[in-house]
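The block underneath contains the structure these notes are about, expressed in C-alpha coordinates.
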Amino acid sequence: MTRYIRHAAAFSLLLLIALLVNLTRIQVLDAPSYNANPANGRTTMSRYARARGDVYAGRTRLTGSVRTGGTLAWQRAYTAGPVFAPVTGYASQAYGTTLLENAGDPVLSGTDPALSAAPLWNAVTRRPVRGGRVVSTVDPAAQRAAYRALGGRTGAVAALDPSTGRILALVSTPSYDPAEVAGDGRGALAAWRRLTTDPRQPMLNRAIRQTYPPGSTFTVVTAAAALDSGAVTGPDAATDSPDPYTPPGTGDRLADRTPRCRDATVRYAFEAGCDTVFARLGVRVGLPGMVGAARAFGFDDPGTSIPSHVSESVFDTSMNDARLARSCVGQDDTRATPLQMAMVAAAVADGGTVMAPYLIDRETDATGRTVRTTRPRPLGRAMSGRTAAVLADLMAGAVTDGTGTGAAVPGARVGGTSGTARTGTGGRGTPYAWYVSWARPARAATVPVAVAVVVEDTATARTGASGGGSAAPVARAVMKAALGGGG
(Lines give C-alpha, C1' and ligand atoms only; values in the text may rest on other atoms or scores of the structure.)
Protein backbone atom coordinates (compact mmCIF):
# COMPACT_ATOMS: atom_id res chain seq x y z
CA MET A 1 0.00 0.00 0.00
CA THR A 2 2.85 2.33 0.89
CA ARG A 3 4.34 1.78 -2.58
CA TYR A 4 1.09 2.82 -4.26
CA ILE A 5 0.86 5.94 -2.10
CA ARG A 6 4.46 6.79 -2.98
CA HIS A 7 3.72 6.35 -6.68
CA ALA A 8 0.60 8.49 -6.44
CA ALA A 9 2.51 11.21 -4.58
CA ALA A 10 5.31 11.18 -7.18
CA PHE A 11 2.78 11.39 -10.01
CA SER A 12 1.00 14.28 -8.26
CA LEU A 13 4.36 16.04 -7.84
CA LEU A 14 5.08 15.62 -11.56
CA LEU A 15 1.67 17.06 -12.40
CA LEU A 16 2.34 20.00 -10.07
CA ILE A 17 5.74 20.60 -11.68
CA ALA A 18 4.18 20.38 -15.15
CA LEU A 19 1.53 22.89 -14.10
CA LEU A 20 4.14 25.29 -12.73
CA VAL A 21 6.23 24.95 -15.90
CA ASN A 22 3.19 25.64 -18.06
CA LEU A 23 2.21 28.65 -15.95
CA THR A 24 5.77 29.99 -16.22
CA ARG A 25 5.67 29.51 -19.98
CA ILE A 26 2.36 31.35 -20.26
CA GLN A 27 3.18 34.18 -17.84
CA VAL A 28 6.81 34.74 -18.82
CA LEU A 29 7.74 33.28 -22.20
CA ASP A 30 4.42 33.70 -24.00
CA ALA A 31 3.37 36.93 -22.26
CA PRO A 32 4.60 39.23 -25.07
CA SER A 33 2.57 37.40 -27.73
CA TYR A 34 -0.57 37.42 -25.57
CA ASN A 35 -0.10 41.12 -24.85
CA ALA A 36 0.29 41.85 -28.56
CA ASN A 37 -2.81 39.89 -29.55
CA PRO A 38 -5.51 42.32 -30.75
CA ALA A 39 -8.18 40.09 -29.17
CA ASN A 40 -6.71 40.65 -25.71
CA GLY A 41 -8.86 43.41 -24.30
CA ARG A 42 -6.93 43.46 -21.03
CA THR A 43 -3.96 45.02 -22.81
CA THR A 44 -6.01 47.99 -23.96
CA MET A 45 -7.65 48.27 -20.52
CA SER A 46 -4.24 48.25 -18.87
CA ARG A 47 -2.84 50.82 -21.32
CA TYR A 48 -5.65 53.28 -20.60
CA ALA A 49 -6.02 52.49 -16.90
CA ARG A 50 -3.78 55.46 -16.09
CA ALA A 51 -2.92 58.81 -17.62
CA ARG A 52 -0.43 58.75 -20.48
CA GLY A 53 2.78 60.81 -20.34
CA ASP A 54 2.93 63.98 -22.40
CA VAL A 55 4.63 65.25 -25.56
CA TYR A 56 6.31 68.66 -25.36
CA ALA A 57 7.72 71.25 -27.74
CA GLY A 58 10.27 72.96 -25.54
CA ARG A 59 8.26 73.96 -22.46
CA THR A 60 4.96 73.86 -24.35
CA ARG A 61 2.83 70.83 -23.47
CA LEU A 62 1.14 69.49 -26.59
CA THR A 63 -0.90 66.67 -25.04
CA GLY A 64 -2.88 65.73 -21.96
CA SER A 65 -5.22 63.03 -20.65
CA VAL A 66 -8.87 63.18 -19.51
CA ARG A 67 -10.99 60.74 -17.50
CA THR A 68 -13.69 58.97 -19.46
CA GLY A 69 -15.70 57.32 -16.71
CA GLY A 70 -15.73 54.14 -18.80
CA THR A 71 -13.87 50.84 -18.96
CA LEU A 72 -10.94 52.59 -20.60
CA ALA A 73 -10.40 55.08 -17.80
CA TRP A 74 -8.23 57.65 -19.56
CA GLN A 75 -8.34 59.18 -23.04
CA ARG A 76 -5.76 61.28 -24.88
CA ALA A 77 -6.28 65.04 -25.20
CA TYR A 78 -4.43 67.62 -27.31
CA THR A 79 -3.78 71.25 -26.45
CA ALA A 80 -3.27 72.58 -30.01
CA GLY A 81 -4.38 69.66 -32.15
CA PRO A 82 -4.36 70.71 -35.83
CA VAL A 83 -1.24 72.88 -35.52
CA PHE A 84 0.94 70.16 -34.00
CA ALA A 85 -0.78 67.04 -35.39
CA PRO A 86 2.07 66.44 -37.90
CA VAL A 87 4.41 66.29 -34.89
CA THR A 88 2.40 64.42 -32.25
CA GLY A 89 0.33 62.14 -34.46
CA TYR A 90 -2.51 60.51 -32.50
CA ALA A 91 -2.93 58.00 -29.67
CA SER A 92 -6.31 56.36 -30.20
CA GLN A 93 -8.07 53.74 -28.11
CA ALA A 94 -9.43 52.30 -31.35
CA TYR A 95 -6.80 53.01 -34.02
CA GLY A 96 -3.44 52.81 -32.26
CA THR A 97 -0.64 55.37 -32.40
CA THR A 98 1.30 57.35 -35.02
CA LEU A 99 4.31 59.71 -35.26
CA LEU A 100 5.70 60.79 -31.86
CA GLU A 101 2.83 59.10 -30.03
CA ASN A 102 4.09 55.89 -31.64
CA ALA A 103 7.85 56.47 -31.58
CA GLY A 104 7.75 57.53 -27.92
CA ASP A 105 5.09 55.05 -26.83
CA PRO A 106 7.27 52.98 -24.44
CA VAL A 107 8.12 56.15 -22.47
CA LEU A 108 4.67 57.74 -22.72
CA SER A 109 2.88 54.54 -21.66
CA GLY A 110 5.31 53.83 -18.80
CA THR A 111 6.54 50.49 -20.21
CA ASP A 112 10.11 51.57 -21.02
CA PRO A 113 12.48 49.82 -18.53
CA ALA A 114 14.62 52.97 -18.41
CA LEU A 115 11.84 54.74 -16.48
CA SER A 116 12.27 52.50 -13.43
CA ALA A 117 15.20 52.25 -11.01
CA ALA A 118 14.47 48.51 -10.64
CA PRO A 119 12.99 47.35 -13.97
CA LEU A 120 13.27 43.61 -13.24
CA TRP A 121 11.44 43.98 -9.94
CA ASN A 122 8.74 46.05 -11.59
CA ALA A 123 8.36 43.39 -14.29
CA VAL A 124 7.88 40.65 -11.69
CA THR A 125 5.53 42.60 -9.42
CA ARG A 126 3.76 44.25 -12.39
CA ARG A 127 3.91 47.55 -10.53
CA PRO A 128 2.67 50.33 -12.84
CA VAL A 129 5.13 53.09 -13.71
CA ARG A 130 3.97 56.62 -14.50
CA GLY A 131 4.36 57.57 -18.13
CA GLY A 132 7.31 59.81 -18.96
CA ARG A 133 7.71 62.76 -21.29
CA VAL A 134 8.85 63.05 -24.89
CA VAL A 135 10.38 66.46 -25.55
CA SER A 136 10.42 67.26 -29.27
CA THR A 137 12.87 69.54 -31.06
CA VAL A 138 10.07 71.72 -32.44
CA ASP A 139 10.13 75.48 -31.93
CA PRO A 140 6.49 76.33 -31.05
CA ALA A 141 6.77 79.84 -32.53
CA ALA A 142 8.09 78.54 -35.87
CA GLN A 143 5.44 75.80 -35.95
CA ARG A 144 2.59 78.23 -35.36
CA ALA A 145 4.01 80.73 -37.84
CA ALA A 146 4.17 78.06 -40.56
CA TYR A 147 0.61 76.93 -39.90
CA ARG A 148 -0.75 80.48 -40.01
CA ALA A 149 1.24 81.41 -43.10
CA LEU A 150 -0.07 78.46 -45.11
CA GLY A 151 -3.49 79.92 -44.40
CA GLY A 152 -5.56 76.81 -45.07
CA ARG A 153 -3.97 76.10 -48.46
CA THR A 154 -2.85 72.56 -49.18
CA GLY A 155 0.87 72.33 -48.53
CA ALA A 156 3.64 71.62 -46.08
CA VAL A 157 6.62 73.17 -44.29
CA ALA A 158 9.77 71.59 -42.87
CA ALA A 159 12.36 73.63 -40.98
CA LEU A 160 15.72 72.47 -39.60
CA ASP A 161 18.66 73.69 -37.57
CA PRO A 162 21.40 73.14 -40.19
CA SER A 163 24.23 72.52 -37.72
CA THR A 164 22.44 69.77 -35.75
CA GLY A 165 19.55 68.43 -37.84
CA ARG A 166 16.99 69.39 -35.16
CA ILE A 167 13.54 69.72 -36.75
CA LEU A 168 12.19 73.15 -35.81
CA ALA A 169 8.85 72.93 -37.63
CA LEU A 170 6.86 70.21 -39.34
CA VAL A 171 3.52 71.43 -40.69
CA SER A 172 1.01 69.89 -43.08
CA THR A 173 -2.26 71.46 -44.19
CA PRO A 174 -5.12 70.84 -44.22
CA SER A 175 -4.73 69.27 -40.81
CA TYR A 176 -6.98 67.60 -38.25
CA ASP A 177 -7.48 67.45 -34.49
CA PRO A 178 -6.12 64.12 -33.11
CA ALA A 179 -8.56 64.42 -30.19
CA GLU A 180 -11.38 63.56 -32.60
CA VAL A 181 -10.09 59.98 -33.00
CA ALA A 182 -8.63 59.50 -29.50
CA GLY A 183 -11.60 57.55 -28.12
CA ASP A 184 -13.29 54.32 -29.17
CA GLY A 185 -16.94 55.37 -29.29
CA ARG A 186 -19.28 56.37 -32.07
CA GLY A 187 -17.89 59.88 -32.25
CA ALA A 188 -14.35 58.60 -32.89
CA LEU A 189 -15.65 56.14 -35.50
CA ALA A 190 -17.57 58.88 -37.33
CA ALA A 191 -14.56 61.21 -37.23
CA TRP A 192 -12.27 58.45 -38.53
CA ARG A 193 -14.57 57.74 -41.47
CA ARG A 194 -14.89 61.43 -42.29
CA LEU A 195 -11.15 62.11 -42.08
CA THR A 196 -10.02 59.02 -43.99
CA THR A 197 -12.46 59.61 -46.86
CA ASP A 198 -11.88 63.36 -47.16
CA PRO A 199 -10.37 64.00 -50.62
CA ARG A 200 -8.13 66.70 -49.13
CA GLN A 201 -6.40 63.98 -47.01
CA PRO A 202 -6.05 65.94 -43.75
CA MET A 203 -4.39 62.97 -42.02
CA LEU A 204 -1.59 62.78 -44.60
CA ASN A 205 1.64 64.23 -43.22
CA ARG A 206 2.78 65.99 -46.37
CA ALA A 207 6.01 67.22 -44.78
CA ILE A 208 7.49 63.71 -44.49
CA ARG A 209 5.14 61.27 -46.24
CA GLN A 210 4.33 63.03 -49.54
CA THR A 211 6.83 63.45 -52.36
CA TYR A 212 6.56 66.14 -55.04
CA PRO A 213 8.52 67.15 -58.13
CA PRO A 214 10.78 69.83 -56.56
CA GLY A 215 11.00 72.02 -59.66
CA SER A 216 13.81 74.55 -59.85
CA THR A 217 14.66 74.20 -56.15
CA PHE A 218 16.52 71.05 -57.22
CA THR A 219 18.97 73.25 -59.15
CA VAL A 220 20.82 73.67 -55.84
CA VAL A 221 21.80 70.00 -56.17
CA THR A 222 22.63 70.40 -59.87
CA ALA A 223 24.75 73.49 -59.24
CA ALA A 224 26.64 71.71 -56.44
CA ALA A 225 27.39 68.78 -58.75
CA ALA A 226 28.50 71.08 -61.59
CA LEU A 227 30.80 73.19 -59.40
CA ASP A 228 32.36 70.23 -57.59
CA SER A 229 32.90 68.27 -60.81
CA GLY A 230 34.34 71.19 -62.78
CA ALA A 231 31.50 71.17 -65.33
CA VAL A 232 31.51 74.92 -64.76
CA THR A 233 34.56 76.75 -63.45
CA GLY A 234 32.77 79.23 -61.24
CA PRO A 235 29.55 81.15 -60.60
CA ASP A 236 30.46 83.94 -63.02
CA ALA A 237 31.82 81.82 -65.86
CA ALA A 238 29.90 81.46 -69.13
CA THR A 239 28.01 78.18 -69.31
CA ASP A 240 27.65 77.81 -73.10
CA SER A 241 23.94 77.14 -72.60
CA PRO A 242 21.61 77.61 -75.56
CA ASP A 243 18.01 78.71 -75.19
CA PRO A 244 16.08 76.68 -76.16
CA TYR A 245 18.22 73.68 -75.23
CA THR A 246 17.98 70.29 -76.96
CA PRO A 247 19.84 67.52 -75.07
CA PRO A 248 22.15 65.42 -77.28
CA GLY A 249 20.59 62.46 -79.03
CA THR A 250 17.02 63.67 -78.48
CA GLY A 251 14.44 65.92 -80.05
CA ASP A 252 13.23 67.19 -76.69
CA ARG A 253 13.50 71.00 -76.48
CA LEU A 254 13.59 72.95 -73.23
CA ALA A 255 12.95 76.68 -73.34
CA ASP A 256 13.02 79.48 -70.75
CA ARG A 257 10.44 82.18 -70.26
CA THR A 258 13.10 84.32 -68.59
CA PRO A 259 15.05 86.65 -70.90
CA ARG A 260 18.83 86.58 -71.39
CA CYS A 261 19.28 82.96 -70.30
CA ARG A 262 21.39 82.04 -73.37
CA ASP A 263 24.98 81.41 -72.18
CA ALA A 264 24.04 82.88 -68.79
CA THR A 265 26.29 82.50 -65.76
CA VAL A 266 25.23 80.31 -62.86
CA ARG A 267 24.81 83.46 -60.78
CA TYR A 268 22.36 85.01 -63.23
CA ALA A 269 20.60 81.65 -63.71
CA PHE A 270 19.97 81.46 -59.96
CA GLU A 271 18.68 85.01 -59.74
CA ALA A 272 16.49 84.86 -62.86
CA GLY A 273 15.50 81.17 -62.83
CA CYS A 274 17.08 79.91 -66.07
CA ASP A 275 16.23 76.21 -66.21
CA THR A 276 18.07 75.67 -69.50
CA VAL A 277 21.38 76.54 -67.83
CA PHE A 278 20.97 73.87 -65.16
CA ALA A 279 19.57 71.31 -67.58
CA ARG A 280 22.67 71.77 -69.73
CA LEU A 281 25.01 71.59 -66.73
CA GLY A 282 23.33 68.43 -65.44
CA VAL A 283 23.80 66.66 -68.76
CA ARG A 284 27.41 67.83 -68.80
CA VAL A 285 27.96 66.37 -65.31
CA GLY A 286 26.42 63.12 -66.56
CA LEU A 287 24.06 60.59 -64.99
CA PRO A 288 26.58 58.91 -62.62
CA GLY A 289 27.72 62.27 -61.30
CA MET A 290 24.18 63.56 -60.79
CA VAL A 291 23.08 60.33 -59.08
CA GLY A 292 26.05 60.57 -56.73
CA ALA A 293 25.32 64.21 -55.93
CA ALA A 294 21.63 63.58 -55.27
CA ARG A 295 22.43 60.66 -52.98
CA ALA A 296 24.97 62.74 -51.08
CA PHE A 297 22.13 65.13 -50.21
CA GLY A 298 19.90 62.26 -49.04
CA PHE A 299 17.96 61.17 -52.12
CA ASP A 300 17.34 57.45 -52.78
CA ASP A 301 17.55 56.58 -49.08
CA PRO A 302 14.58 54.37 -48.11
CA GLY A 303 15.63 54.19 -44.46
CA THR A 304 15.28 57.82 -43.38
CA SER A 305 13.46 58.17 -40.05
CA ILE A 306 13.11 61.00 -37.54
CA PRO A 307 12.35 58.43 -35.86
CA SER A 308 9.01 58.16 -37.70
CA HIS A 309 9.46 56.84 -41.23
CA VAL A 310 10.08 59.41 -43.98
CA SER A 311 9.10 58.59 -47.57
CA GLU A 312 12.02 58.09 -49.92
CA SER A 313 12.97 61.03 -52.11
CA VAL A 314 13.96 59.79 -55.56
CA PHE A 315 16.42 60.69 -58.31
CA ASP A 316 16.18 58.11 -61.09
CA THR A 317 19.31 56.09 -61.82
CA SER A 318 18.43 55.01 -65.36
CA MET A 319 17.49 57.61 -67.98
CA ASN A 320 18.57 59.17 -71.25
CA ASP A 321 19.87 62.72 -71.63
CA ALA A 322 16.44 64.20 -72.31
CA ARG A 323 15.06 62.84 -69.05
CA LEU A 324 18.27 63.72 -67.22
CA ALA A 325 17.97 67.33 -68.38
CA ARG A 326 14.42 67.56 -67.05
CA SER A 327 15.37 65.75 -63.84
CA CYS A 328 18.16 68.22 -63.14
CA VAL A 329 15.57 71.00 -62.92
CA GLY A 330 13.31 68.96 -60.65
CA GLN A 331 10.91 67.53 -63.20
CA ASP A 332 10.42 64.09 -64.81
CA ASP A 333 10.55 61.36 -62.10
CA THR A 334 12.52 63.41 -59.57
CA ARG A 335 10.52 63.48 -56.34
CA ALA A 336 11.25 64.95 -52.91
CA THR A 337 9.61 65.43 -49.54
CA PRO A 338 9.64 68.93 -48.04
CA LEU A 339 11.93 67.54 -45.32
CA GLN A 340 14.43 66.41 -47.96
CA MET A 341 14.49 69.83 -49.59
CA ALA A 342 15.00 71.44 -46.17
CA MET A 343 18.03 69.12 -45.85
CA VAL A 344 19.31 70.47 -49.18
CA ALA A 345 19.08 74.08 -47.97
CA ALA A 346 20.59 73.11 -44.62
CA ALA A 347 23.60 71.47 -46.31
CA VAL A 348 24.37 74.74 -48.10
CA ALA A 349 24.02 76.68 -44.85
CA ASP A 350 26.24 74.28 -42.90
CA GLY A 351 29.22 74.35 -45.24
CA GLY A 352 28.30 71.23 -47.20
CA THR A 353 27.61 68.79 -44.35
CA VAL A 354 24.28 66.92 -44.28
CA MET A 355 23.02 66.26 -40.75
CA ALA A 356 20.51 63.53 -39.94
CA PRO A 357 17.16 65.18 -39.15
CA TYR A 358 15.56 64.26 -35.82
CA LEU A 359 12.37 65.16 -33.98
CA ILE A 360 12.96 63.87 -30.43
CA ASP A 361 15.31 66.01 -28.33
CA ARG A 362 15.09 63.90 -25.17
CA GLU A 363 12.90 61.51 -23.21
CA THR A 364 12.41 61.82 -19.44
CA ASP A 365 10.57 60.09 -16.62
CA ALA A 366 7.56 61.72 -14.98
CA THR A 367 9.79 63.81 -12.68
CA GLY A 368 11.84 65.23 -15.55
CA ARG A 369 14.90 62.99 -15.14
CA THR A 370 16.42 62.46 -18.58
CA VAL A 371 16.55 58.82 -19.63
CA ARG A 372 17.53 59.25 -23.28
CA THR A 373 18.92 62.07 -25.45
CA THR A 374 19.31 62.31 -29.22
CA ARG A 375 22.78 63.33 -30.35
CA PRO A 376 23.34 65.15 -33.66
CA ARG A 377 24.68 62.81 -36.34
CA PRO A 378 26.31 63.80 -39.65
CA LEU A 379 25.26 61.76 -42.68
CA GLY A 380 28.18 62.91 -44.83
CA ARG A 381 29.23 65.72 -47.15
CA ALA A 382 27.05 66.78 -50.05
CA MET A 383 29.65 69.16 -51.50
CA SER A 384 32.94 70.83 -50.71
CA GLY A 385 33.04 73.74 -48.29
CA ARG A 386 34.08 76.04 -51.14
CA THR A 387 31.09 75.03 -53.25
CA ALA A 388 28.75 75.45 -50.28
CA ALA A 389 30.06 78.99 -49.78
CA VAL A 390 29.48 79.79 -53.47
CA LEU A 391 25.94 78.41 -53.34
CA ALA A 392 25.19 80.34 -50.14
CA ASP A 393 26.26 83.51 -51.94
CA LEU A 394 24.14 82.64 -54.99
CA MET A 395 21.08 81.92 -52.86
CA ALA A 396 21.56 85.20 -50.98
CA GLY A 397 21.77 87.02 -54.31
CA ALA A 398 18.50 85.41 -55.44
CA VAL A 399 16.80 87.00 -52.42
CA THR A 400 18.31 90.46 -52.75
CA ASP A 401 18.29 90.74 -56.54
CA GLY A 402 16.25 87.86 -57.94
CA THR A 403 13.00 85.94 -57.64
CA GLY A 404 13.06 85.49 -53.85
CA THR A 405 12.64 89.02 -52.55
CA GLY A 406 9.46 87.93 -50.77
CA ALA A 407 11.59 85.86 -48.36
CA ALA A 408 13.73 88.75 -47.11
CA VAL A 409 13.83 89.16 -43.30
CA PRO A 410 14.95 92.55 -41.90
CA GLY A 411 18.18 92.28 -39.92
CA ALA A 412 19.07 88.86 -41.31
CA ARG A 413 21.04 87.42 -44.21
CA VAL A 414 18.67 85.18 -46.17
CA GLY A 415 19.42 82.83 -49.02
CA GLY A 416 16.79 81.06 -51.06
CA THR A 417 15.55 79.81 -54.37
CA SER A 418 12.07 79.22 -55.74
CA GLY A 419 10.55 76.64 -58.01
CA THR A 420 7.30 75.81 -59.72
CA ALA A 421 6.74 72.18 -60.64
CA ARG A 422 3.93 71.50 -63.09
CA THR A 423 2.38 68.08 -63.40
CA GLY A 424 0.30 66.31 -65.99
CA THR A 425 0.50 66.28 -69.77
CA GLY A 426 1.97 69.50 -71.07
CA GLY A 427 2.24 70.90 -67.54
CA ARG A 428 -1.53 71.36 -67.29
CA GLY A 429 -1.84 69.52 -63.96
CA THR A 430 -1.66 70.88 -60.42
CA PRO A 431 1.21 73.39 -60.06
CA TYR A 432 3.34 72.99 -56.94
CA ALA A 433 4.94 76.19 -55.68
CA TRP A 434 8.25 75.66 -53.83
CA TYR A 435 10.66 77.75 -51.83
CA VAL A 436 13.81 76.56 -50.02
CA SER A 437 15.86 78.93 -47.91
CA TRP A 438 18.02 79.61 -44.88
CA ALA A 439 18.49 82.62 -42.63
CA ARG A 440 20.91 83.89 -40.02
CA PRO A 441 21.09 87.12 -38.02
CA ALA A 442 23.37 89.62 -39.72
CA ARG A 443 26.14 89.36 -37.12
CA ALA A 444 25.82 85.64 -36.30
CA ALA A 445 28.49 83.11 -37.28
CA THR A 446 26.14 80.16 -37.81
CA VAL A 447 22.81 79.68 -39.57
CA PRO A 448 20.05 78.69 -37.13
CA VAL A 449 17.28 77.80 -39.59
CA ALA A 450 16.72 76.26 -43.03
CA VAL A 451 13.23 75.96 -44.48
CA ALA A 452 11.42 74.20 -47.31
CA VAL A 453 7.87 75.14 -48.29
CA VAL A 454 5.57 73.56 -50.85
CA VAL A 455 2.11 74.85 -51.71
CA GLU A 456 -0.24 72.76 -53.83
CA ASP A 457 -1.61 75.91 -55.35
CA THR A 458 -4.83 74.48 -56.75
CA ALA A 459 -6.72 77.70 -56.08
CA THR A 460 -4.31 79.71 -58.21
CA ALA A 461 -4.64 80.02 -61.94
CA ARG A 462 -2.26 77.67 -63.71
CA THR A 463 -0.17 80.60 -64.92
CA GLY A 464 -0.12 82.26 -61.49
CA ALA A 465 1.42 79.68 -59.20
CA SER A 466 5.02 80.52 -58.34
CA GLY A 467 7.44 79.67 -55.59
CA GLY A 468 8.43 83.31 -55.18
CA GLY A 469 4.82 84.47 -54.95
CA SER A 470 3.08 81.64 -53.05
CA ALA A 471 5.76 79.89 -51.00
CA ALA A 472 8.43 82.52 -50.24
CA PRO A 473 6.21 84.53 -47.84
CA VAL A 474 5.54 81.33 -45.88
CA ALA A 475 9.27 80.66 -45.60
CA ARG A 476 9.79 84.25 -44.49
CA ALA A 477 7.26 83.90 -41.68
CA VAL A 478 8.91 80.70 -40.43
CA MET A 479 12.43 82.13 -40.56
CA LYS A 480 11.36 85.31 -38.82
CA ALA A 481 9.75 83.30 -35.99
CA ALA A 482 12.75 80.97 -35.68
CA LEU A 483 15.07 83.96 -35.42
CA GLY A 484 12.97 85.35 -32.58
CA GLY A 485 11.03 87.91 -34.54
CA GLY A 486 7.57 86.45 -33.98
CA GLY A 487 5.26 84.82 -36.47
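Being open to solvent by 10 Å² or more (accessible area, probe 1.4 Å) and within 24 Å of Pro378 (Cα to Cα) narrows it down to one of Leu204, Leu189, Leu168, so name that one.
Just one listed residue meets the conditions, Leu168.
Counting only residues that are farther than 30 Å from Asp252 by Cβ and basic (Lys, Arg), which one in the stretch 320-369 is modelled with the lowest pLDDT?
Arg369
What do you reckon, is Thr317 open to solvent by 30 Å² or more (accessible area, probe 1.4 Å) and either without any contact (Cβ under 8 Å) to a residue 12 or more places away in the chain or of a type outside the set (Asp, Glu) (or both)?
Judged against the criteria, Thr317 is a match.
Which number in (1) modelled with pLDDT of 95 or more; (2) under 17 Å from Val129 (Cβ atoms) marks the one condition that Ser109 misses?
Among (1) modelled with pLDDT of 95 or more; (2) under 17 Å from Val129 (Cβ atoms), the lone unmet condition for Ser109 is (1).
The conditions are (1) touching a strand residue (DSSP E or B) at 6+ places or on another chain (Cβ under 7 Å); (2) buried (at least 20 other Cβ atoms within 10 Å of the Cβ), and Leu281 fails exactly one of them. Which is it?
So Leu281 meets the others, but not (1).
If you scan the stretch 202-222, which residues turn out to be aromatic (Phe, Trp, Tyr) and outside any helix (DSSP H, G or I)?
Within the stretch 202-222, Tyr212 is the sole residue that qualifies.
Right, Leu227: in a loop (DSSP other than H, G, I, E, B) and within 30 Å of Gly303 (Cβ to Cβ) or not?
So Leu227 does not fit the description; no.
Regarding Ala169, is this residue among the hydrophobic types (A, V, I, L, M, F, W, C) and not in a strand (DSSP E or B)?
No, not satisfied.
For the stretch 353-373, which residues satisfy the criterion of being among the hydroxyl-bearing types (Ser, Thr, Tyr) and in contact (Cβ under 8 Å) with a residue 60 or more places away in the chain?
Matches in the stretch 353-373: Tyr358, Thr364.
Given the options Arg386, Arg372, Arg381, name the one that is at pLDDT 95 or above and more than 22 Å from the chain's Cα centre (by Cα).
Going through Arg386, Arg372, Arg381 in turn, just one is at pLDDT 95 or above and more than 22 Å from the chain's Cα centre (by Cα): Arg386.
Quick check, is Gly152 surrounded by fewer than 17 Cβ atoms within 10 Å (Cβ to Cβ) and not β-branched (Val, Ile, Thr)?
yes
Among Pro199, Pro235, which is open to solvent by 10 Å² or more (accessible area, probe 1.4 Å), free of Cβ contacts under 8 Å to residues at least 40 places away in the same chain and assigned to a loop (DSSP other than H, G, I, E, B)?
Step by step, each of Pro199, Pro235 is checked, and only Pro199 is open to solvent by 10 Å² or more (accessible area, probe 1.4 Å), free of Cβ contacts under 8 Å to residues at least 40 places away in the same chain and assigned to a loop (DSSP other than H, G, I, E, B).
Quickly run through the stretch 380-405 and pick out the residues that are within 16 Å of Phe270 (Cβ to Cβ), among the small types (Gly, Ala, Ser) and surrounded by fewer than 24 Cβ atoms within 10 Å (Cβ to Cβ).
Ala388, Ala389, Ala392, Ala396, Gly397, Gly402
Under the condition of being of a type in the set (A, V, I, L, M, F, W, C) and within 15 Å of Arg335 (Cα to Cα), which residue from the stretch 305-314 is surrounded by the fewest Cβ atoms within 10 Å (Cβ to Cβ)?
Restricting to residues being of a type in the set (A, V, I, L, M, F, W, C) and within 15 Å of Arg335 (Cα to Cα), the top hit is Val314.
Among Ala94, Ala77, which is the only one that is in a loop (DSSP other than H, G, I, E, B) and either surrounded by 12 or more Cβ atoms within 10 Å (Cβ to Cβ) or modelled with pLDDT of 75 or more (or both)?
Within the list Ala94, Ala77, the selection yields Ala94.
For the stretch 246-292, enumerate the residues that are among the acidic types (Asp, Glu) and more than 30 Å from the chain's Cα centre (by Cα).
Asp252, Asp256, Asp263
The values are calculated or read from the model by the stated rules, or taken from the named source; none is laboratory data. Quantities reported herein were computed from a predicted structural model and do not represent experimental measurements. Here Cβ is always computed from backbone atoms with ideal geometry, including for glycine, and neighbour counts include all displayed protein chains. The protein model used for the area step is the full one, side chains on, heavy atoms only, and it has no ligands, DNA or RNA in it. Shrake-Rupley method; radii C 1.70, N 1.55, O 1.52, S 1.80 Å.
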